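Trainee: Mind having a look at this structure? Questions to follow.
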Amino acid sequence: MRATKHQEFLAGLIRLHVLHHAVEGEFFGNWMIEELHEHGYKIGPGTLYPMLHALERKGYLKSRTEGAGRRARRYYRTTRKGREALKVAISKVRELFNELVKER
Ligand SMILES: [Zn+2]
């Protein structure tokens, strides 16, 4: 599956996936890229990092930097707002999923 295909619908799923892991604990960008690849999302740093920055700017994630210079690594985790958003999204996903599978 290519992330550029059907981007319109997949972007929201990727953001939810990111939020899910941010609730579970800290992660860094490259780890998330690998994780998404394992789930079949071909997302690169040019897409993921702007997404992480936007989620942080909107208050869903916060980050801290460890190390300096080229070895600096930025760790992300969720905020209270991010946890609330995930909770709301989970109930919506569950409801939608029930309706989607009912038709099959
Ligand atoms: Zn995952």
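The values are calculated or read from the model by the stated rules, or taken from the named source; none is laboratory data. In this text, all values refer to a predicted model and were calculated from it rather than measured experimentally. A quick note on method: Cβ atoms are made from the backbone with ideal geometry, for glycine too, and the neighbour counts reach across all protein chains shown. Side chains are part of the model used for accessible areas, which takes the heavy atoms of the whole protein and leaves out ligands, DNA and RNA. Shrake-Rupley method; radii C 1.70, N 1.55, O 1.52, S 1.80 Å.
Trainee: Find the residue count for the range 61-74, including only residues that are open to solvent by less than 80 Å² (accessible area, probe 1.4 Å), out of contact with any helix residue (DSSP H, G or I) (no Cβ under 8 Å at 6 or more places or on another chain) and within 16 Å of Leu48 (Cα to Cα).
Mentor: Count: 0.
Trainee: Also, I was wondering about something else. Which condition from (1) away from the ligand (no atom under 16 Å from the Cβ); (2) touching an Asp or Glu at 6+ places or on another chain (Cβ under 6 Å) is the one that Arg77 breaks?
Mentor: If we test Arg77 against (1) away from the ligand (no atom under 16 Å from the Cβ); (2) touching an Asp or Glu at 6+ places or on another chain (Cβ under 6 Å), just (1) comes out false.
Trainee: Looking at Arg77, is it more than 15 Å from Val18 (Cα to Cα) and open to solvent by 100 Å² or more (accessible area, probe 1.4 Å)? Show your work before the answer.
Mentor: Working: more than 15 Å from Val18 (Cα to Cα): no; open to solvent by 100 Å² or more (accessible area, probe 1.4 Å): yes.
In short, no.
Trainee: Filter the range 11-60 down to residues that are open to solvent by less than 70 Å² (accessible area, probe 1.4 Å) and of a type in the set (Asp, Glu) and give me whichever is farthest from the ligand (Cβ to nearest atom).
Mentor: Selected residue: Glu56.
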